[in-house]
Structure formats: structure tokens, C-alpha cells
């Protein structure tokens with residue numbers, strides 16, 4: 001190593017494993033920051049009449065919480081899994097276009113810094129919601145530089161995510177090892193293909209929309225007409241709904257891998273899964289205006305129909321996951337617990353989503369806490385459980401050691417209790433008419449008890465994350481060697497050392513299906 | 001089935017969903033957005049079909065990092081002023097040029 005090689009690698013490595021880990025750590029840091037904002041919000045809402053923060057600060061908190069979680073945590077960590085795992089799963093030495101993924105990581109970091117720099121500006125951080133709806137976000141209603149910094153942050157972070165997704169897709173198209181045909185791609189890699197397709201065609205629209213919003217704030221004339229706000233919403237939600245699936249598919253893939261391995265069975269219904277994930281992704285590109293069902297003039301029948309049709313591919317995915325478990329020798333290790341938690345809790349988020357795809361019901365539930373509960377069941381109670389299933393599953397591959405099983409079970413139990421305590425009462429609050437994005441509510445409405453339960457639940461979630469952090473520290477300081485394949489994995493990443501060498505593989509096993517290591521074990525029997 | 005055919009299948013799904021919009025009298029901007037995505041996906045399928053296996057890449061790349069900082073300066077320059085815009089544009093051009101000339105592994 002030369003004197004410059006070490007710092008050069010520290011800031012400019014193009015190794016997919018380092019990029020995956022860095023993107024993951026960046027996302028987790030923003031998760032912690034966004035989580036603290038959520039705790040502050042829930043503390044404010046615990047009882048009526050509390051003034052822990054001012055109403056203006058509360059607006060900043062929910063804007064930055066939503067922005068951080070979506071632009072800086074769930075989307076990047078989903079891509080981080082892809083950056084680390086896709087080259088290993090397809091038998092590649094590195095990402096195709098790894099340097100673009102490197103540029104993407106830096107753009108993500110710089111975007112996050114830009115977004116959060118608003119807290120240092122006069123008047124505080126942006127307070128225009130994570131969607132930045134015009135005219136709320138125009139220069140008249142939201143003066144000051146914080147909103148501009150927020151717009152810049154969204155542009156930079158999303159451009160970074162676009163570059164990462166492009167690199168992952170290029171790897172899936174052109175980086176596969178000989179024998180790794182498309183119908184031999186592991187389930188996780190298929191979900192990454194669907195994810196990156198959505199990123200490639202939805203994220204550019206967001207970047208352009210944010211640039212237009214910036215122009216609107218400087219000079220006006222972009223969203224000025226009577227249709228301007230509706231056009232903004234069409235443009236924003238064309239990104240804003242597919243991104244929900246960008247934050248979902250990789251975790252379905254992770255859960256699919258975990259369930260297959262911990263059931264000791266080959267993934268059930270693989271071919272149906274491949275077609276249905278593409279159909280799922282296409283439908284998810286066509287449902288965006290269900291966020292606008294209450295706006296006059298929106299073609300509610302089309303968007304309600306496509307939103308309801310989502311239940312078909314979703315049903316196929318669930319059927320495949322349950323079918324994989326059927327008749328298997330199920331091991332209830334921590335990754336499997338999180339995978340099962342994902343299945344149950346995402347179902348609640350999904351089914352309530354079908355309810356509000358119905359225009360009459362959406363007219364009632366729109367803008368209420370019912371919606372808040374619904375999307376937190378999909379994103380936190382759902383996707384984050386899928387994320388932890390994946391983290392516990394692949395941790396030994398990344399570090400060579402095991403996370404502690406006991407602490408992992410505590411983490412799972414506390415997170416399951418915490419998420420349900422936090423978000424289930426919010427369905428009831430929405431039913432009773434509590435609007436979202438309010439900093440306070442009158443005592444006479446009787447919402448105090450449910451809000452208090454929800455706040456206590458959020459503290460339990462925070463404790464569960466602390467337990468996870470302790471688990472990570474313990475595992476890193478007192479490593480328990482995991483070996484190369486502690487779970488009996490099915491896919492190529494388990495055919496190399498833990499952690500993998502710089503070139504990933506010394507030799508690849510024969511690839512005759514989407515589960516080549518399972519093929520080997522079956523042949524040996 | 002090669003990768004481009006799967007991408008083309010996805011373009012077909014998007015095109016079918018765009019066609020369905022005409023039955024329901026959906027706003028023109030919605031048709032343009034989804035139809036545009038369908039056409040873009042078709043173009044991506046064509047690129048995927050034409051692309052070849054790539055060569056190796058360098059294990060680290062300061063110019064790629066330079067591209068990211070250049071883009072950030074460009075974006076921030078829109079607020080700060082022309083001098084930063086010029087700095088950002090210069091850094092992007094210089095870094096992109098270097099990335100393209102960088103030796104491969």
C-alpha cells in the first residue's frame with residue numbers, strides 16, 4: 001500500500017461491499033436521527049395541551065422526520081442491500097459501474113447534509129411536509145432558505161439513489177456469472193431488478209419536479225395556474241407511490257430468502273414470483289393518484305381499479321412465501337422471527353391500503369391518523385421487520401461473526417410490541433377523526449388515552465433499537481465466529497468466505513437453478 | 001430468456017396500463033407520465049440488448065467522488081451564486097473526463 005492508498009480507499013473505494021456497508025451505515029445514522037424526531041413528535045402528542053415544542057417546530061419535525069425516513073433511510077438502505085448482495089448473488093466480482101455507485105453514495109451524504117442544514121438556518125428547518133406540496137412550499141407561504149436547502153437535499157439524495165440503482169441494474173443485466181440465467185437469479189435479486197426499474201423511471205420525475213419547485217420559488221410561473229397544484233401532485237406522486245414499493249420489494253426479497261433457508265425448502269412458486277414481481281412493479285407505477293382521490297377531476301375509477309388490482313401480485317407473493325414454509329423444517333431463529341413478523345404486520349398495512357383504495361372510504365379516511373397508521377404498518381411494522389430479517393440473516397456474511405440470539409429475540413419482541421402499541425391506536429384515532437400533522441388537540445375530544453398508548457409504544461420502539469445497538473456492539477467486540485455458511489444458505493453469497501475476499505469468489509459452484517448451494521447439498525445426499 | 005426481454009415485458013405491462021387510461025378518461029399529464037415510462041423502459045430494453053459485457057473497473061476512484069462534489073456545488077451554486085456554479089460545472093467536466101480515461105482493473 002502506498003501512503004495515499006489508504007485515505008484514497010477511505011473516501012473513494014469502488015468495492016461494492018464497502019459501498020454497501022457505507023450506504024447502510026449512512027442510512028442507519030439517518031434512521032437514528034429521524035427516529036429522535038419521531039420521539040419528540042410523539043412526546044408532544046402524548047397528552048392534549050402539552051407544549052414540548054412550538055407548533056412551528058412541530059411542522060419542522062414532521063417534515064424532516066418524513067423526509068429523512070423516505071429519502072435518507074428506507075430507500076438508501078434498500079439499495080445498500082442490493083449494492084452488497086447482488087454482485088455476490090449473481091457471481092460477479094464487483095458491481096458494473098461501481099464508480100457511479102460511489103458517486104451515488106457521496107451524493108446521498110451531501111443531500112442528507114443539505115436537508116438537515118436547515119436546522120442551522122434562521123427560522124429553522126423546512127416545514128413543507130415530505131411531499132413539499134405547492135403552494136404550501138412556494139416562496140410566499142414558505143419563505144427562507146431552509147426550504148431551498150431541503151429541495152437541494154432531495155435532488156442530491158435522489159440523484160445518488162438513481163446512480164446506485166443504475167449500477168445494480170447494470171450488474172443484473174451484464175454482470176452475471178456464466179450459467180446465471182435470468183431464471184436462475186435468486187429471489188432477492190429479482191426484487192432488486194423490479195426495484196431498480198422503478199427507481200430508474202420514477203426518481204427522474206422527482207428530480208425534475210424539485211428543480212421546477214425551486215424555479216417556482218425564485219421566479220414563479222411554473223405551478224401558478226389553477227391546475228398548478230394538481231399538476232405538482234401528479235408529478236410528485238408519480239415518484240411518491242412507486243417509492244413505497246422501492247421501500248418494500250427488497251425486503252420481500254430478503255424475507256423470501258430467509259423463509260426458504262429457515263424452512264429448509266426451495267422457494268415455492270419461483271416462476272410465478274418472477275412474473276408477479278414485475279406485474280406488481282408495473283401496477284405500482286400506475287396507482288399514484290390514489291393519493292389524490294379526494295381532488296375533484298381526478299379519474300378515481302382508474303386509480304382505484306389499479307390500486308385494488310395490486311392485491312393479485314401481492315397475493316401471489318404471500319402465497320409463495322407461505323407455500324415455502326408449508327411442510328418445511330422451520331427453525332425459529334431471529335431472522336425467521338423478523339420474517340414472520342413482516343408477513344403478519346405488512347398484511348395489516350396492505351389490507352388497510354386496499355380499504356383506502358376505495359374512493360368512498362378514502363374520502364372519509366383521507367388526511368386522518370388512519371392513513372398515518374396504514375403507511376407506518378407498511379413501512380415500519382412491515383419493511384423494517386423485513387430489513388432486520390435481512391440484517392440478522394446476512395450479518396455473518398458481512399462480518400464473519402454472529403449477532404447474539406438472545407438479544408435478537410429481545411429486539412424482536414420489543415419491536416413487535418412497540419410498533420403495534422404505537423400504530424394500532426392510530427387506526428382508532430383516525431376513525432374518530434383525528435387529523436394528521438396537528439401538534440395539539442382539544443381535551444374534550446377524548447383522544448388523550450389512545451395518544452398516550454401510542455407515545456409509550458414509540459418509546460418501546462426506541463428501547464428495541466437500543467437493544468439492537470447493544471447487540472451490534474457486543475457482536476463486534478466479542479465476535480462469535482460464524483463460519484462461511486452458518487444457516488445452510490441456498491444462494492451464491494454463501495459459497496464464499498465470510499466476509500468475502502476483494503474478488504468475491506475463488507471458484508464458483510455449478511449454477512443450475514436459483515438455489516445452487518441447495519442443489520449441491522441435494523446432490524451430495 | 002435474456003434480461004432485455006424481461007425489461008421489454010415490463011414495458012409491455014406499463015403500455016397496457018397506459019392504454020387502459022384511455023378507457024377511463026384520465027388526465028393528459030397522467031397518460032404522458034406512464035406512457036413516457038413505458039417508452040423509456042422500451043428504450044432501456046434496447047440498450048440492454050445491445051450492451052456487451054463490461055471490463056473490470058478500478059478499485060477506487062477519486063474522480064467519481066469529484067463528480068458527486070461537482071454536482072453538489074452546481075446545485076448549491078444555484079443559491080450561492082455564479083462563481084460556485086462555475087466551480088461545480090468545472091469540477092463535473094474535469095471529473096467526468098478523468099473517469100472516462102481512468103485505467104481499468
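Read-outs: derived from the displayed coordinates by stated rules, not from any lab. Worth saying up front: this structure is predicted, and the values here are computed from it rather than measured. When we count neighbours, we look across all protein chains shown, and the Cβ atoms used for this are built from the backbone with ideal geometry, even at glycine.
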Quickly run through region B:22-43 and pick out the residues that are facing chain A (nearest Cβ under 7 Å) and closer than 28 Å to residue A:108 by Cβ.
B:33, B:34, B:37, B:40, B:41
Given the residues A:88, A:79, A:108, A:61, which is the only one that is touching a helix residue (DSSP H, G or I) at 6+ places or on another chain (Cβ under 7 Å), away from chain B (no Cβ under 14 Å) and under 13 Å from residue A:24 (Cβ atoms)?
A:79
With the condition kept exactly as written, say whether any residue in region B:66-81 is touching a residue at least 40 places away in the same chain (Cβ under 8 Å), more than 7 Å from chain A (Cβ to nearest Cβ) and either touching a strand residue (DSSP E or B) at 6+ places or on another chain (Cβ under 7 Å) or surrounded by fewer than 20 Cβ atoms within 10 Å (Cβ to Cβ) (or both).
no
One residue is enough: does region A:305-315 have a residue meeting the conditions buried (at least 18 other Cβ atoms within 10 Å of the Cβ), outside any loop (DSSP other than H, G, I, E, B) and away from chain B (no Cβ under 14 Å)?
yes
Looking at A:154, A:113, A:109, which one is over 25 Å from residue A:517 (Cα atoms), crowded, with 24+ Cβ neighbours inside 10 Å and in contact (Cβ under 8 Å) with a residue 12 or more places away in the chain?
A:154
Of all residues in region A:119-147 being in contact with a helix residue (DSSP H, G or I) (Cβ under 8 Å, 6 or more places away or on another chain), in a helix (DSSP H, G or I) and surrounded by fewer than 24 Cβ atoms within 10 Å (Cβ to Cβ), which is farthest from the other protein chains (Cβ to nearest Cβ)?
A:119
